[in-house]
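**Q** If you scroll down you'll find the structure; I have some questions about it.
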Amino acid sequence: MKVAEIDVNEKIGNVREILTDTQKKRGILIHAFQQIQKEHNYLPEEQLILLSRKLDIPLSEVYSTASFYKHFYFKPRGKNVVCVCAGTACHVRGSHKVLEKFEEAFGVKEGETTPDLALTLETVGCVGCCGLAPVVTVNEEVVGDLSVKRVDALIKEVKGK
Amino acid sequence: MERLKSIDDLKKLSDRLKDETFRPEIPRVRLCSGTACTATGTPKVLSAMEEEAGKRGINLDIVKTGCQGLCQKGPVMKVEPQGIFYQKLKPEHAKAIISYTVLGNIPYRQSLYRDNILSEPIPEMTDVPFYKKQLRIALRNNGLIDPRNIYHYIAVGGYSALEKALGSMKPDEVLNEVDKANLRGRGGAGFPAGKKWKHTKSAQGKTKLVIANGDEGDPGAFMDRSVMEGDPHSLFEGMLLCAYAIGADYGMIYVRHEYPLAVKNLTHAINQAMELGLLGKNILGTNFNFTIDIREGAGAFVCGESTALVASVEGERGFPRPRPPRLSERGGGAWGYPSNLNNIETYACVPPIIEKGADWFKSIGTATSPGTKVFALTGKVRNTGLVEVPMGMTLREIIYDIGGGIMEDKKFKAIQTGGPSGGCIPAIHLDLPVDFDSLTKVGSMMGSGGMVVMDEDTCMVDVAKYFLSFTQSESCGKCPPCRIGTFQMLQILENITSGHGKHGDIERLIDIGKLIQKGSLCGLGQSAPNPVLSTIKYFRNEYEEHIYDNHCRANVCKGTGVFVINQAECIRCGLCKRACSFDAVTETRDIYHIDRAYCTQCKACYQACPVGAIKIRKHSVIKLEEQFRIPPEKFEILERRAKMTLRDVIKLKPAKILTCKKDCKIADAITIMDGNNVGSILVTDNNGELIGIFTERDIMHCFTKKISVNDEIMGNVMTTKPITLDPSIDISIAVHLMSDKKIRHLPVIEDGKIIGMISYRDLISYLLPEVLYMAEDIY
């Protein structure tokens, strides 16, 4: 999706009838970030500049909003994104051990990306699969009920990807 | 899909679908396709079932339902009409299930639910303990219908509340019904939904919005997710009823981006409802218009707060703002339009209320909190998953009957409710009936309904630190009490858990916590200290252990305690030596030993030991153990004793209370003392009240002052107004007092009555370990 192709009226949905143009442009900002990130894996500067021009919102304000939300990144991310759930249930069932294993295996700390952009390791508040704690998501796919053995197998699998 | 043009059209469609869909003569399986079961293998089971049914030419109706609740045993499936419940399915089971159950009407034993390997399997879903005590209102269709098929929803009676409302009720009647039902907001605070609706309705302005809050950020909660994924139309119907009641034209669902399946299913469902004419302009031929848009969040916990959510919807930073204006007022909601914001679960409860009436709803649950509540039961329980129970069920029932008890039969320690805003409830409150008010009373809150069970292996200080680190990192940073306060509290907690706690840290935590509660702008900050304050309230001794003894009783915190190898349990495998990065484990000819000078308490050896021979002990215990050769098991008794009160001492060693009257001769009193082998006698008046004490020391006084023991009476020589203590006093305080005042005998008085006599020696023998050790051997 190109920034220039964003249809403000379509993206804002049915509430368009009661909003002014400025409100509409503001309203789709987060949606636009999500679209850009979907395509580029992160929010590249030039895309944000284009977006700022397209929506008539100062770049500083675009950046202000984007930087507030944890989900948006300003640096390229790895090909595979491993997200260790650090929710309560996972914490109680030992997610920190899982995280340590991943950190050890890939030589990165939480929140970092390997230099070859193969993997980004992150933690997330809760993915809502507490029944399967401890849980890891690999590129949005949920892998649950991790024991030490299964973590090792998963690490191998991720390395092979 | 043909657009429904009138209320009658919907009625006809509904009647037709009730006959056509879910016909009892067709064999049917309801396979859970919730996120958790999908992760454990639903897609493979699904294709195996389809293939197998196709091979045998059976017309098998496979319904891909939303979350059925028992996530841990997934993938789960129910086979109808037999009603047999299967769990932990694998693709290879498909063949057997079709042969046994679908064709042969008998259960396939291997995949049935059982409590443990030894117990009898339970074939029918209604008998499974996890489902037995549940009552489903918000989750009524979860596990029954395919969320991606609107006809399924209509076939099980969906949209009939809308039909009733549009057909025969005025907007005010709908509002009054919800108000009368006293439906309280399921998002946490429990504000009555009816009142909120009234506020919004009476707000100025023609345009109003209905917003559903699906930003379920609480770690350990996923009830909104199951409604959005498993039964989106019930959410729409609730929103439609709300919109009809308050006169709103636009609706919005705010979903967190971590729930991709929810977004997918909601979008799909909205399109279907639009096509059928249940959303859009002139719904069912009336002049009622309502549309729903989806807004995705972007990973900010604070956006679950109403004003922050609105800011996020508008495309701003998700900062909360001071209220008023409230969302329901003009200028307060999204883009300034009055907005009614409720939780997903709250909306899902509305259709049954309209359909069956407020009185029916009020007959369930407790007087102040009617209805049911969905809880996400997780942590160290056997059956984790989503449960919906009537309000007022006790914690014990939820944990032990539905949850199946604690994993590995360990001891229950606490249950955390309400996520990072709630608190920990200890075992003494296990019989607490759960509703909005009772939880607040014990220092926790309902929150969104997360319940995390903790056992003896969970360190409460670590749990408090965990929640605080969550709120600290999620704090939006707008107001200083929350931004700086949570950071300071976290630093103190980090010191405590790493063995660097200082005297006064607990008081500092309480002080800062109370300041944050008072000074913060939004709910996040106001409730952020709750986990810390509630754990201090109920588990203060664990904090004290961390600070003063450098010890973590659950062996969770690193950098605390002294590591030793129990030679009796050690199997000399050497894994601890290999695990240690600091060469602290040394090997002599026949034993392994941990060198304390090198040990960094990293717990690597503790985790490596296959037989649990590595023990983490307190510093003080180790010293005593080495000095006096006292086995560590004795310390448990000791610790218990040090915390005893005078009442316990009297109970354990009841002594005869010797008394005499004021006019008793000294010689007689001495005879009594000698005869009973005690060192003191109490002097009472005629009412039995204590007026003085006569001890061995007094006999010496009598001798030096040449008082005739045969003639003088007690009244003249006794010590009047003796020091007495209440039985609730700790023995350590009593010892201090006695040595300070130089007395050796202490009467214990309760309500003016003498209930016991304690000597200095009694107390010392309970306090000093070496004395106790000898005493233990004697009796």
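The values are calculated or read from the model by the stated rules, or taken from the named source; none is laboratory data. Computed from a predicted model, the values in this text were never measured in an experiment. So basically every Cβ, Gly included, is an ideal-geometry build from the backbone, and we count neighbours across all protein chains shown.
**Q** Return the residues of region B:80-95 that are in contact with a strand residue (DSSP E or B) (Cβ under 8 Å, 6 or more places away or on another chain) and closer than 14 Å to B:Leu46 by Cβ; say none if nothing qualifies.
**A** The answer is B:Tyr86, B:Leu89, B:His93.
**Q** Check off (1) over 17 Å from B:Ser527 (Cβ atoms); (2) surrounded by 24 or more Cβ atoms within 10 Å (Cβ to Cβ) for B:Phe467 and give me the number that stays unchecked.
**A** Going through (1) over 17 Å from B:Ser527 (Cβ atoms); (2) surrounded by 24 or more Cβ atoms within 10 Å (Cβ to Cβ) one by one, B:Phe467 breaks only (1).
**Q** Another question, then. Among residues belonging to region B:253-267 that are surrounded by 22 or more Cβ atoms within 10 Å (Cβ to Cβ) and part of a loop (DSSP other than H, G, I, E, B), point out the one that is farthest from the other protein chains (Cβ to nearest Cβ).
**A** Once the filter is applied, the top-ranked residue is B:Arg256.
**Q** Additional query: May I ask you to list the residues in region B:32-58 that are out of contact with any helix residue (DSSP H, G or I) (no Cβ under 8 Å at 6 or more places or on another chain), away from chain A (no Cβ under 12 Å) and not basic (Lys, Arg)?
**A** Matches in region B:32-58: B:Leu46, B:Ser47, B:Glu50, B:Gly54, B:Gly57.
**Q** Can you tell me which of (1) more than 11 Å from chain B (Cβ to nearest Cβ); (2) modelled with pLDDT under 90; (3) surrounded by 14 or more Cβ atoms within 10 Å (Cβ to Cβ) is the one A:Met1 doesn't meet?
**A** It fails just one condition, (3).
**Q** (1) part of a loop (DSSP other than H, G, I, E, B); (2) among the aliphatic types (A, V, I, L, M); (3) more than 11 Å from chain A (Cβ to nearest Cβ): which one isn't true of B:Val227, the others all being true?
**A** (1) is the only condition that B:Val227 fails.
**Q** Also: Can you name the residue in region B:385-410 that is modelled with pLDDT of 90 or more and in contact with a Ser or Thr (Cβ under 7 Å, 6 or more places away or on another chain) and is also nearest to the other protein chains (Cβ to nearest Cβ) among such residues?
**A** B:Glu388
**Q** When you check A:Phe68 against the structure, is it buried (at least 19 other Cβ atoms within 10 Å of the Cβ) and either within 29 Å of A:Ile30 (Cβ to Cβ) or modelled with pLDDT of 90 or more (or both), yes or no? So that I can check it myself, show each step before the final result.
**A** Values: buried (at least 19 other Cβ atoms within 10 Å of the Cβ): yes; either within 29 Å of A:Ile30 (Cβ to Cβ) or modelled with pLDDT of 90 or more (or both): yes.
So A:Phe68 fits the description; yes.
**Q** B:Val452 fails exactly one of the following numbered conditions: (1) in contact with a strand residue (DSSP E or B) (Cβ under 6 Å, 6 or more places away or on another chain); (2) closer than 30 Å to B:Val227 by Cβ; (3) surrounded by fewer than 22 Cβ atoms within 10 Å (Cβ to Cβ). What is the number of that condition?
**A** Exception for B:Val452: condition (3).
**Q** Select, from B:Asn710, B:Asn677, B:Asn687, the only residue that is farther than 26 Å from B:Asp648 by Cβ, assigned by TED's automatic domain parsing to the domain that holds B:Ile754 and out of contact with any helix residue (DSSP H, G or I) (no Cβ under 9 Å at 6 or more places or on another chain). I'd like the intermediate steps shown before the answer.
**A** Numbers: B:Asn710 fails: out of contact with any helix residue (DSSP H, G or I) (no Cβ under 9 Å at 6 or more places or on another chain); B:Asn677 fails: farther than 26 Å from B:Asp648 by Cβ.
It is B:Asn687.
**Q** Please specify each residue of region B:83-113 satisfying the condition of being surrounded by fewer than 18 Cβ atoms within 10 Å (Cβ to Cβ) and farther than 28 Å from A:Cys130 by Cα.
**A** Residues of region B:83-113 that are surrounded by fewer than 18 Cβ atoms within 10 Å (Cβ to Cβ), as a first pass: B:83, B:88, B:90-92, B:95-96, B:99, B:103-106, B:109-110.
Residues satisfying the conditions are B:Lys95, B:Ala96, B:Ser99, B:Leu103, B:Gly104, B:Asn105, B:Ile106.
**Q** Can B:Glu587 be described as more than 22 Å from B:Glu456 (Cβ to Cβ), modelled with pLDDT of 85 or more and in contact with a Lys or Arg (Cβ under 7 Å, 6 or more places away or on another chain)? Steps first, please.
**A** On the way: more than 22 Å from B:Glu456 (Cβ to Cβ): yes; modelled with pLDDT of 85 or more: yes; in contact with a Lys or Arg (Cβ under 7 Å, 6 or more places away or on another chain): yes.
It is true that B:Glu587 is more than 22 Å from B:Glu456 (Cβ to Cβ), modelled with pLDDT of 85 or more and in contact with a Lys or Arg (Cβ under 7 Å, 6 or more places away or on another chain).
**Q** In region B:168-202, what residues are within 14 Å of B:Ile354 (Cα to Cα), in a loop (DSSP other than H, G, I, E, B) and in contact with a helix residue (DSSP H, G or I) (Cβ under 8 Å, 6 or more places away or on another chain)?
**A** Result: B:Met169, B:Ala181, B:Asn182, B:Leu183.
**Q** For region A:4-23, enumerate the residues that are within 24 Å of the chain's Cα centre (by Cα) and at the interface with another protein chain (Cβ under 10 Å from one of its Cβ atoms).
**A** Result: A:Lys11, A:Ile12, A:Gly13.
**Q** Going residue by residue through region B:745-754, is there one that turns out to be among the basic types (Lys, Arg) and more than 44 Å from the chain's Cα centre (by Cα)? Steps first, answer last, please.
**A** Start the filter on region B:745-754 by keeping residues that are among the basic types (Lys, Arg), which leaves B:753.
Pick out the ones that are also more than 44 Å from the chain's Cα centre (by Cα) and you get none.
Taking every residue of region B:745-754 in turn, none turns out to be among the basic types (Lys, Arg) and more than 44 Å from the chain's Cα centre (by Cα).
**Q** So, in region B:273-283, exactly how many residues are part of a helix (DSSP H, G or I) and out of contact with any strand residue (DSSP E or B) (no Cβ under 6 Å at 6 or more places or on another chain)? Break it down stepwise before answering.
**A** Narrowing region B:273-283 to residues part of a helix (DSSP H, G or I): B:273-276, B:283.
Retained after the next criterion (residues that are out of contact with any strand residue (DSSP E or B) (no Cβ under 6 Å at 6 or more places or on another chain)): B:273, B:275-276, B:283.
Here the count works out to 4.
Yes/no matrix, rows are residues, columns are (1) in the same structural domain as B:Asp231 (by TED's automatic domain parsing); (2) within 25 Å of B:Met274 (Cβ to Cβ):
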| residue | (1), (2) |
| --- | --- |
| B:Phe130 | no, no |
| B:Ala189 | yes, no |
| B:Lys201 | yes, no |
| B:Lys206 | yes, yes |
| B:Gly214 | yes, yes |
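**Q** Then there's this: Considering every residue within region B:128-136, establish whether at least one is in contact with a strand residue (DSSP E or B) (Cβ under 8 Å, 6 or more places away or on another chain), more than 14 Å from every other protein chain (Cβ to nearest Cβ) and over 26 Å from B:Pro352 (Cα atoms).
**A** Scanning region B:128-136 turns up no residue that is in contact with a strand residue (DSSP E or B) (Cβ under 8 Å, 6 or more places away or on another chain), more than 14 Å from every other protein chain (Cβ to nearest Cβ) and over 26 Å from B:Pro352 (Cα atoms).
**Q** Just for region B:331-384: of the residues that are of a type in the set (Lys, Arg) and surrounded by 24 or more Cβ atoms within 10 Å (Cβ to Cβ), which one is nearest to the other protein chains (Cβ to nearest Cβ)?
**A** My answer is B:Lys380.
**Q** Could we say that B:Ile270 is within 14 Å of chain A (Cβ to nearest Cβ), in contact (Cβ under 8 Å) with a residue 40 or more places away in the chain and either outside any loop (DSSP other than H, G, I, E, B) or surrounded by 22 or more Cβ atoms within 10 Å (Cβ to Cβ) (or both) here?
**A** In short, no.
**Q** Hey, does region B:632-641 have a residue that's modelled with pLDDT of 80 or more and either farther than 29 Å from A:Gly94 by Cα or out of contact with any Asp or Glu (no Cβ under 9 Å at 6 or more places or on another chain) (or both)? Before you say what the answer is, go through the steps one by one.
**A** Let us first name the residues in region B:632-641 that are modelled with pLDDT of 80 or more, namely none.
So far as region B:632-641 goes, no, none of its residues is modelled with pLDDT of 80 or more and either farther than 29 Å from A:Gly94 by Cα or out of contact with any Asp or Glu (no Cβ under 9 Å at 6 or more places or on another chain) (or both).
**Q** Within region B:559-569, how many residues are surrounded by 17 or more Cβ atoms within 10 Å (Cβ to Cβ) and assigned to a loop (DSSP other than H, G, I, E, B)?
**A** Start the filter on region B:559-569 by keeping residues that are surrounded by 17 or more Cβ atoms within 10 Å (Cβ to Cβ), which leaves B:560-565.
Next cut, assigned to a loop (DSSP other than H, G, I, E, B) only: B:560-561.
So the count comes out to 2.
**Q** Give the residues of region B:91-107 that are among the β-branched types (Val, Ile, Thr) and either under 15 Å from B:Glu50 (Cβ atoms) or in contact (Cβ under 8 Å) with a residue 60 or more places away in the chain (or both), sorted by residue number. I'd like the intermediate steps shown before the answer.
**A** Residues of region B:91-107 that are among the β-branched types (Val, Ile, Thr), as a first pass: B:97-98, B:101-102, B:106.
Selection gives B:Ile97, B:Ile98, B:Val102.
**Q** Another question about this same structure. Applying the selection to region B:284-313, what residues are at the interface with another protein chain (Cβ under 8 Å from one of its Cβ atoms), crowded, with 22+ Cβ neighbours inside 10 Å and among the β-branched types (Val, Ile, Thr)?
**A** B:Ile292, B:Val313
**Q** Looking at region A:83-116, which of the residues that are more than 13 Å from chain B (Cβ to nearest Cβ) and β-branched (Val, Ile, Thr) is surrounded by the fewest Cβ atoms within 10 Å (Cβ to Cβ)?
**A** Residue satisfying both the conditions and the ranking: A:Thr114.
**Q** Do you know which of the residues in region A:136-156 that are in a helix (DSSP H, G or I) and either without any contact (Cβ under 8 Å) to a residue 40 or more places away in the chain or more than 23 Å from A:Asn41 (Cα to Cα) (or both) is nearest to the other protein chains (Cβ to nearest Cβ)?
**A** Here is the first cut: in region A:136-156, the residues in a helix (DSSP H, G or I) are A:148-156.
Filter again for either without any contact (Cβ under 8 Å) to a residue 40 or more places away in the chain or more than 23 Å from A:Asn41 (Cα to Cα) (or both), leaving A:148-154, A:156.
Numbers: A:Val148: 10, A:Lys149: 15, A:Arg150: 12, A:Val151: 14, A:Asp152: 15, A:Ala153: 15, A:Leu154: 12, A:Lys156: 19 Å.
Selected residue: A:Val148.
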